[in-house]
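S.K.: Okay, here's the structure, questions in a sec.
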Amino acid sequence: MDILAQQILNGLVLGSIYAVVALGYTMVYGILELINFAHGEVTMMGAMVAISVIGLGLAAGLPALPLIVLAMLAAIAACMLLGLGIERFAYRPLRRAPRLAPLITAIGMSILLQNIAMMIWGKQYIPFPPVFPQGEHRILGAHVTDVQIIILITTVLLMLALTLLVKHTRLGRAMRAIAQSQPVAQLMGVNVNAVVAATFAIGSALAAVAGVLVAANYGQAQYYMGFLLGLKAFSAAVLGGIGNIAGAMLGGLLLGLIESLGAGYIGQLTGGFLGSNYQDVFAFFVLILVLVFRPSGLLGERVVERA
Amino acid sequence: MKALSLAVCAALFLTGCGHKASDQGGDVVKIGLAAPLTGPQAQLGQDMANGARLAVDEINAGHPQIGGKPVTFRLLAEDDQADPKTATNVAQRLVDDGVAAVIGHMNSGTTIPASRIYYQAGIAQISPSATAVKYTHQGFDTAFRVMANDAQQGTVLGDFAVKTLGAHRIAIIDDRTAYGQGLADQFERTVKALGADVVDREYTTDHSTDFMAILTNIKAKKPDLVFFGGMDPQAGPMIRQMRQLGISAKFLGGDGVRTPQFITLAGPAAEGAYASTPGLPIGKMPKGPEFQAKYTAKYGPIQQYAPYAYDAVYVLAGAMEKAGSADPKTFLPVLRQTDYQGVTGPIRFDANGDLTQGAITLYQVQKGAWVPLQTFQKH
Amino acid sequence: MNARKRAWLAALALGLGLAVLPFALDGLLGPYWVRVLDFALLYAMLALGLNIVVGYAGLLDLGYIAFYGVGAYLYALLASPQFGIHWPFWATLPLGAALAALFGILLGTPTLRLRGDYLAIVTLGFGEIIRIFLNNLDAPVNITNGPQGITAIDAVHIGGFSLGRRHELLGMSVPSTVLYYYLFLICMLVVVFISLRLENSRIGRAWVAIREDEVAAEAMGVPTRNIKLLAFAMGASFGGLAGGLFASFQGFVSPESFNLMESIMILCMIVLGGMGHIPGVILGAVLLTVLPEALRYVGDLQRHVLGRVVVDPADLRMLLFGLALVLMMRFRPAGLWPSRRRQREFSATGDVAEQEQASLFDARR
């Protein structure tokens, strides 16, 4: 029993991380129908900046709590700037280009950012200093750390905040309008460029938070970490129905649970024929299956909250 | 026409670079070196290259003679980026440049495809670090290595786990790379033969950082030892997550784990972990401290493979001198008969080109540093 | 001289040029560059295969390398000591192409209903699934030998004549790389020929129709289901063929050669060269294969001039690569050598552009 509880908890933590990163994918996709492949790298940059700031802060003798806040803010600021820069210089000029063009740009951007990070921070994994609370708890027999609890709570809060933003603010309404029809929104007086930029900024801020939490949870970061994370998060967004905020959340949590329980029970399910080496196969297989029966994802509508 | 003459000019320029006249008198004997000199493993590859460079410089300073004629050794270093396809390209480049022998490659995944090209060209190859068994078991009389292979290391690790640590219930994880899987498989065979129970076998990848799911599985099986075949970026967070889940089993790994990086990444959780490395601890190598002083003065701290590459060059030069020829056809049989006291220990090859006496040392993390426990000589 | 004659002369010159190219490279720069050229031809075949799926039919496939892997492993299993089977190449190569085509249909069937971006992620997943299976099918029954890969794969033999060795022909010493060059060249010409014929056939036009507007194509009576499956199968078979050639040339296959980055690389080749345009695609493949090798000299140059490597050329390679993709899309989105049709589409202005671009590659509405 406590093994199952532990596996579910493992899945929820992993899934929450996917969900926060997936939110960034889904917001951009909802508005521009663009797969921002570089989003994973923005997450990585957030982690790296935070590690650097914490390193400096520790050297200056700052206490833990203000240091965490400072590192988080620095990561968010850096990622927002990065996201805005990417949007402005790489994607905006291509907004009217054929669909494949921005996708290739995104892949190029992803490679570019990886290599820039490698030049700044090196090729090695760098440790994340233990500034977060390091307590451990037991819930229903499962071991939980403080960082994991922080991840779960943060995810829920971010999700709520984002829903409120999209549903109940001027900016959110403008986003939904652009998602429905960019030309009409423009005619109605929506400043499309500003709203798209804001979307990128918000998505990148989420990525920064995710990056810091991932690095804190696993205790390390490296230039390549964003690529696979981004890929998984993107799968999660597609699973839930890309463009849909609740879908990203659902997809993320589901993917996390599938991976965790898959690795945990795939051996028993197949009578020992397949082991945890097929964990990713299992996850992709579920994804394909879902898409075959629901071609636009679980909560599939293409755009943000198309009512 | 213009394009053609341009091409010819370019070719002349390039070949001009390749065949620079020798600095000293006599013939030039070219020795190739292939390793990942760029990319994520560049640090280890450069370490290997520097070890070989040090040996070449030393030998040249002693005015070597082959067959009564003075010669100069020259090292041609090529970057294989740890990629199999690039490795074959690089191997071809070295063959083109007319090397007499090659030190390399570093990874098993690059060493194996490249070995075929050296074999076809009849060029001697000594890998200082490729440990996959297959490399020397392809029937190529040109392939040698100066480090214990995975089978030797996996066997020693298995012996150590059962006999020294007294493990009965063992869980095994590997990262599904040629290195990790090879080591883990040999370890599994050994501990099973010694009567221990392999209670769980789990798998991860060489890019993973989350091992909670497989470790939870392992926890359910209550092992007293967890073995990991893989590298430090995974081993670090793995042992942290083990302790976090309340698994108190001992942790054992191969040379991929026995790095300073592992201790940095694992933090306090690293304490008490065991890992092995082929060869003797540098302090116990016959000429280890002397080598360490020379190397460190020139290139900084030794990473891992420098002493092996250093020995490989001396073994090659020795065989050439003895055979009186830098022609692989002549010196290859002599190379096979090598009996040399190197920095890393005695070097003698068996019929496959493996070391007959590969030493393997076990280490434990004590107070934040790797401390050698005991050394096994091949029995 | 009329146009027809001139075209024949150009073809003749090109043919002669291609025939003597390896000897020229071998003589001027050494067999190393012939080997690089061989890989360029392999990648050109792969790029032409992916071009059918992405360039013609507009189906974004991010797992294309899987077919390369399938072809390579089939050849490896049927011509190596792994099972002790040593079938000749004229059996294994077509079989590899056929099996890859089958896998193409296997991938295509469940994904027919999916739109562009969903298709991208499913194909990506498919590619990973194949690689993971190749990496793990060493237990409980050892088929692929797992991460250790398969060694000692037979070279292509024609009668008693092995392409894997140096031969003395017509008083010349011809190395293995040059022999393989001709084999690869012949295979690539076949692939080019098939691509050309398809381009101007009913099927080719149906693919373009699907790419431009799937609903309209369906309405005009194009059997979209079968036509899409055909695109997957055709593209995959080229990949399978290239895979078999790769296995015999390299003599060693392991799953790490078939990762996602390779799929992306091939996609980039056709995008850089000019999607849907055969000469452009070949140009893209050659450029992206030769560029990293050329960058090697940047490192050597630094060593010669500065005495040490200041900027790691491998780092530089990926950096330049990423930058090139971004800049290309920004300033020359149709590729370096686009077809005239595509060029017009990209340079169209005003309302026409709006309409065109709204439907281009957008098989979803």
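S.K.: Counting Lys and Arg as +1 and Asp and Glu as -1, what is the net charge of the other residues whose Cβ lies under 15 Å from the Cβ of residue A:44? Spell out each step's value before the answer.
M.R.: Values: positive: A:123, A:232; negative: A:41.
Local net charge: +1.
S.K.: Can you list residues from other chains, or at least 5 along the same chain, whose modelled amide H is less than 5 Å from the amide H of residue B:251?
M.R.: B:226, B:274
S.K.: Still on this structure, I have one more. Filter the chymotrypsin sites (Phe, Trp or Tyr not before Pro) in segment A:209-307 down to the DSSP loop ones having no more than 12 other Cβ atoms within 10 Å, then list what survives. Don't jump to the answer; show the numbers that get you there.
M.R.: Details: sites: A:218, A:223, A:224, A:227, A:234, A:265, A:273, A:278, A:282, A:284, A:285, A:293; in loops: A:223, A:224, A:273.
Sites meeting the loop and neighbour criteria: A:273.
S.K.: Give the long-range amide H neighbours of residue B:72: residues separated by 5 or more places, or on another chain, with amide H under 5 Å away, using H modelled in the peptide plane at 1.01 Å from N.
M.R.: It is B:27, B:28, B:29, by chain and number.
S.K.: Tell me which residues come under 5 Å, amide H to amide H, from residue B:122 once H is placed; ignore anything under 5 positions away on its chain.
M.R.: none
S.K.: Quick one: C:182, C:75, fewest Cβ neighbours within 10 Å first, how do they rank? Please report the intermediate quantities before stating the final value.
M.R.: Values: C:182 14, C:75 29.
Arranged by neighbour count, lowest to highest, C:182, C:75 become C:182, C:75.
S.K.: Okay, next question. Among C:8, C:337, C:87, A:121, what is the fewest-to-most ranking by other Cβ atoms within 10 Å? If you can, show how the numbers build up before the last one.
M.R.: Numbers: C:8 10, C:337 17, C:87 14, A:121 20.
If I rank by nearby Cβ atoms, fewest first, I get C:8, C:87, C:337, A:121.
S.K.: Arrange B:302, A:76 by Cβ neighbour counts within 10 Å, fewest through most, would you? Display every interim value, and only then the final one.
M.R.: Values: B:302 18, A:76 22.
Neighbour counts put them in this order, fewest first: B:302, A:76.
S.K.: Could you run the Karplus curve 6.51 cos²θ - 1.76 cosθ + 1.60 with θ = phi - 60° over segment A:120-135 and give me ³J(HN,Hα) per residue in whole Hz, x for Gly and Pro?
M.R.: My calculation for segment A:120-135 gives 6, 9, x, 8, 6, 5, 10, x, 8, x, x, 8, 6, x, 10, x Hz in order.
S.K.: Also, quick follow-up: Using Cα-Cα distances under 8 Å and only pairs 6 or more residues apart, what relative contact order does segment C:11-359 have, in percent? Working shown, then result.
M.R.: Numbers: 543 pairs, mean separation 101.1, N = 349.
Across segment C:11-359, relative contact order equals 29 percent.
S.K.: Which residue fluctuates most in the GNM of chain B (Cα springs below 10 Å): B:141, B:206, B:174?
M.R.: For chain B, modelled as a Gaussian network with Cα springs under 10 Å, the answer is B:206.
S.K.: Give me a comma-separated list of calculated 3J(HN,Hα) values for segment C:173-178, in order, Karplus coefficients 6.51, -1.76, 1.60 applied at θ = phi - 60°, integers in Hz, x for any Gly or Pro.
M.R.: So the J values, rounded to whole Hz, are 8, 10, x, 4, 4, 5.
S.K.: Whole-Hz ³J(HN,Hα) for each residue in segment B:237-250, computed from phi via Karplus 6.51 cos²θ - 1.76 cosθ + 1.60 with θ = phi - 60°, x for glycine and proline: what do you get?
M.R.: x, 4, 5, 4, 5, 4, 5, 4, 7, x, 8, 9, 4, 5
A short reminder: the numbers here are calculations on the coordinates, not readings from a lab. Small disclaimer: the values here were computed from a predicted structure and weren't measured. Virtual Cβ from ideal backbone geometry, glycine too; neighbours counted across all protein chains shown.
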